[in-house]
Structure formats: C-alpha cells, structure tokens
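Take a look at the structure below.
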Amino acid sequence: MIKRSIYYVTRKKKRSLIIMMILTIILSCLYISSSITISAAQLEKTMYEAANTSLSVTKKDQSLFDYKEYQEIKQAKGYTLHYEGLTQPRNLHVIEAQQSVKRDDLSDEHKNVMSYLATNQTKSHALFKSGNFVLKKGRHIQETDCNKVMVHEQFAKKNHLALHDFINLDNNKKYEIIGIFSGKKQERYTGLTSDFSENMLFMDYSSQQTNNVHKIIMYFDHLKDTRLMMKQLEKNHPDALVEMDTKTYEETLEAITHIQYIIKVIVCSLIVVALVVLSLILILWLRERLYEIGILLSVGFHKSEILGQFICELLFVSIPAAVLSFGLGHIFLKYVINVLLKNAYSLLFEYGFRQEAMTFIGSYGILAGVIIISVITTCGMFLIKKPQEILSKMS
C-alpha cells in the first residue's frame with residue numbers, strides 16, 4: 001500500500017505539485033490562526049494573573065498623598081507611581097480638534113495645554129499593556145531617569161521633534177525626548193486640548209521633586225498576598241480606595257475576545273473550504289482512477305486498503321507542504337503583527353520554539369483529519385459499487 005502510494009505520487013508529479021500547493025495554503029492558514037488563538041489564550045491568562053497580583057491605591061476624594069507610607073510594605077515586590085497634571089509647552093503647538101466646538105471662555109493658561117503623567121516606569125502602564133499606546137521609537141521611562149519625556153508621534157511630527165530633542169514646559173525645565181509612541185486612549189472631551197491622546201506626555205517622576213502622588217500600584221508574587229494586603233490597607237487607611245488593578249486586564253480582554261471570535265470564524269471557514277476544495281479535487285482525481293479501483297477490487301484488495309492508499313498518497317504530499325507551511329506561517333505571523341496589528345499585540349507571540357512546534361503539530365493534525373474525511377467522503381461514492389459495475393462503466 002505504501003509502495004503504491006509513493007509510486008503514484010512520484011509518477012504524477014504535476015498533479016502532486018498542485019495538491020501540495022493547495023495543502024500548503026490550507027495548512028499555513030490553519031497554523032497562523034491556531035497560533036493567534038493559542039497565544040491570545042496565554043496572554044489572557046498572563047494578564048489575569050498580573051491583574052490579580054497588583055493593588056491600586058488612590059484617595060477617595062482624588063487628592064494627593066505621600067507614597068512613602070506605602071513604600072515600606074515588605075510583601076510588595078515593586079510599585080509604580082502616578083502623578084497627573086496639565087502643562088503648557090513653550091514654543092510648541094499642540095494638536096487641535098478638526099471638527100469640534102471650541103470654547104471661547106478659556107483663559108490663556110488653559111489654551112495650548114497638554115496632559116502629563118509623571119511615573120517611575122511606563123512599560124507596565126495600562127495604556128501600553130493593553131495596546132492602546134505602542135512605543136514606536138526610543139525606550140520607556142525608567143526609575144533612574146531624570147528630566148526625560150515620551151511624546152506622541154503626531155505631536156512630534158507637527159513640531160518636527162525627534163529622539164533626544166529637548167522641549168521646554170511651563171515649569172522652566174528642559175526635558176529630553178527618549179521615546180515616541182502612537183495610538184489612542186479613551187477620550188473624554190471637556191473642550192481642552194489636553195483631552196486628546198496626541199497631547200499626552202509621559203515624564204519621569206523624579207523630576208517632580210515631590211513625594212506626592214495621585215495613585216500608587218503595588219505588585220505582589222501571589223494572589224493570596226494580594227488579598228491579605230488589600231484587607232490590611234482597607235483597615236489601616238479608611239480614606240483610601242484600594243482595589244485590584246484590573247484596568248489593564250479588562251481593556252486587553254475586550255480586544256483579545258474580539259480577536260478570538262474572528263479567528264474562530266476564520267478557522268471554521270477554512271476547515272469547511274478545505275473539505276469542499278479537497279473533495280472536489282479528489283472527485284476529479286478519482287474519476288480518472290476508476291479503472292485502477294476496479295482492478296484492485298477484482299484481484300482481491302479490500303476497500304479499506306484502497307482507502308488507505310489514497311490517504312497515504314495525500315499524506316506523503318502533505319509532508320513537503322508542511323515544511324513550506326511552517327516557514328510561510330512564521331513569516332506571515334510577523335506580517336500580521338507588524339502590519340495588521342501595528343505591534344499592538346506583540347505580546348501574543350512571545351513564546352518559544354517548543355510551543356510553536358506544538359501549535360504547528362496541532363494544525364497539521366487538523367489538516368490530516370480534513371484529508372481523511374475528504375478521502376472517505378469522495379471514495380465512498382465509488383467504493384460502494386461492485387468491481388464488475390465499475391469495470392463495466394469504464395468499458
């Protein structure tokens with residue numbers, strides 16, 4: 001059976017090449033879809049764990065407070081500080097609304113304003129982790145930075161700014177641009193230019209020269225420690241609002257759920273299309289092999305052996321198709337990230353070769369199942385007939 005399969009595949013090279021190309025396209029699409037689906041599930045799990053091992057502390061009246069009283073908590077493995085405000089850039093122009101009502105009652109100090117967030121690090125900020133903002137050039141703000149700032153690419157473009165340029169703010173300080181980001185956050189329009197995502201700055205916390213913050217986020221190793229500390233903080237600080245930092249998880253989950261739904265529809269559609277295409281090709285393919293089927297049946301070959309031969313033929317053709325699909329799938333995955341998703345979900349694909357190989361094996365298993373179902377479906381139309389009936393039709 002295996003020898004006959006190999007002989008047919010090598011003898012009918014053009015036909016085998018056409019089927020190999022079709023299988024390559026199907027397997028590549030299955031591999032890409034499966035990779036995104038599995039990686040999205042992994043990211044969801046990671047984000048859930050991160051969301052439930054961090055606490056966000058703010059004052060109930062939204063006032064400032066000294067973060068030093070929380071810094072001494074030994075169970076916390078790290079913390080992020082948030083200090084928010086408005087500023088006016090010197091000799092620079094902010095992004096204006098194109099089609100919106102402008103307020104005439106604004107004083108000079110509320111015109112040409114930008115919002116800023118002073119923090120000790122931006123890499124784990126909700127806006128970047130959720131993919132709303134994406135670092136395009138440079139690097140994130142770190143704890144050791146001083147007088148550093150990150151600006152939106154649209155603001156930088158309008159003012160002809162680049163990395164390592166300096167900007168002046170209304171506190172008479174010069175800030176070096178170390179990062180340029182893109183994207184949109186959820187905006188609430190109040191009539192100020194600071195409402196827009198393009199007019200938001202991230203700056204280092206140390207340049208504020210204060211211990212006051214609007215929010216502190218503390219990180220813990222385990223969910224148990226997080227819940228225990230949450231109870232203690234609520235008891236010791238009744239004026240504070242202590243809650244799980246789930247904003248990142250909720251924003252990311254919404255995007256992931258949308259991606260997963262689209263991918264599931266694509267995978268189901270691919271399987272149906274693959275079954276239809278392979279079945280149609282096999283019908284045309286088997287019509288030319290009716291005589292061969294009749295001879296094999298008449299000399300005593302069992303129907304299951306003939307089915308096995310046809311399945312083996314397609315599986316042999318699928319081996320080089322698998323090699324091509326693995327390479328093509330990997331290339332197209334990068335294309336999906338860099339072009340279609342614009343790096344927004346690059347976290348989806350941060351896994352090793354072992355996980356990648358397991359995903360591909362699973363995709364190949366689906367393809368093998370499609371091949372077997374297609375062969376059984378199409379061959380069943382011919383194998384239900386008796387050998388004499390098949391041969392008489394051929395004559």
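Here are a few things to note about the model shown:
- Test result for Q260, buried (at least 19 other Cβ atoms within 10 Å of the Cβ), assigned to a helix (DSSP H, G or I) and among the polar types (S, T, N, Q): no
- Of all residues in segment 323-331, one or more are at pLDDT below 80, of a type outside the set (A, V, I, L, M) and closer than 28 Å to G183 by Cβ.
- Residue check for I266: more than 18 Å from R15 (Cα to Cα), surrounded by 17 or more Cβ atoms within 10 Å (Cβ to Cβ) and touching a residue at least 12 places away in the same chain (Cβ under 8 Å): no
- Set F382, F360: member being more than 19 Å from S5 (Cα to Cα) and either buried (at least 18 other Cβ atoms within 10 Å of the Cβ) or modelled with pLDDT of 75 or more (or both): F360
- Across segment 146-168, the qualifying residues are those that are surrounded by 20 or more Cβ atoms within 10 Å (Cβ to Cβ) and in contact with a Ser or Thr (Cβ under 8 Å, 6 or more places away or on another chain), and the one among them that is farthest from A118 (Cα to Cα) is H152.
- Among the numbered conditions (1) at pLDDT below 85; (2) buried (at least 19 other Cβ atoms within 10 Å of the Cβ); (3) of a type in the set (V, I, T), the only one that V94 does not meet is (1).
- Close pairs (9 angstrom Cβ cut-off, 6 or more residues apart or separate chains): in the same structural domain as T58 (by TED's automatic domain parsing) and assigned to a helix (DSSP H, G or I) in segment 224-246, surrounded by fewer than 17 Cβ atoms within 10 Å (Cβ to Cβ) and charged (D, E, K, R) anywhere: M230/E243
- Within segment 286-331, tally of residues that are under 16 Å from I2 (Cα atoms), among the hydrophobic types (A, V, I, L, M, F, W, C) and in contact with a Ser or Thr (Cβ under 7 Å, 6 or more places away or on another chain): 3
- Selection status of T210, of a type in the set (V, I, T), closer than 28 Å to L55 by Cα and in contact (Cβ under 8 Å) with a residue 12 or more places away in the chain: yes
- Cβ-Cβ distances below 7 Å connect the following pairs, each with a first residue in segment 150-169 that is in a helix (DSSP H, G or I), a second residue that is among the polar types (S, T, N, Q), and a separation of six or more residues or different chains: E153/S182; F155/N199.
- The set of residues from segment 170-206 being in a strand (DSSP E or B) and under 21 Å from N132 (Cα atoms) comprises I177, I178, G179, I180, F181, S182, G183, M200, L201, F202, M203, D204.
The values are calculated or read from the model by the stated rules, or taken from the named source; none is laboratory data. For clarity, every value in this text was computed on a predicted model and none was experimentally measured. Note that each Cβ is placed from the backbone with ideal geometry, even for glycine, and that neighbours are counted across all protein chains shown.
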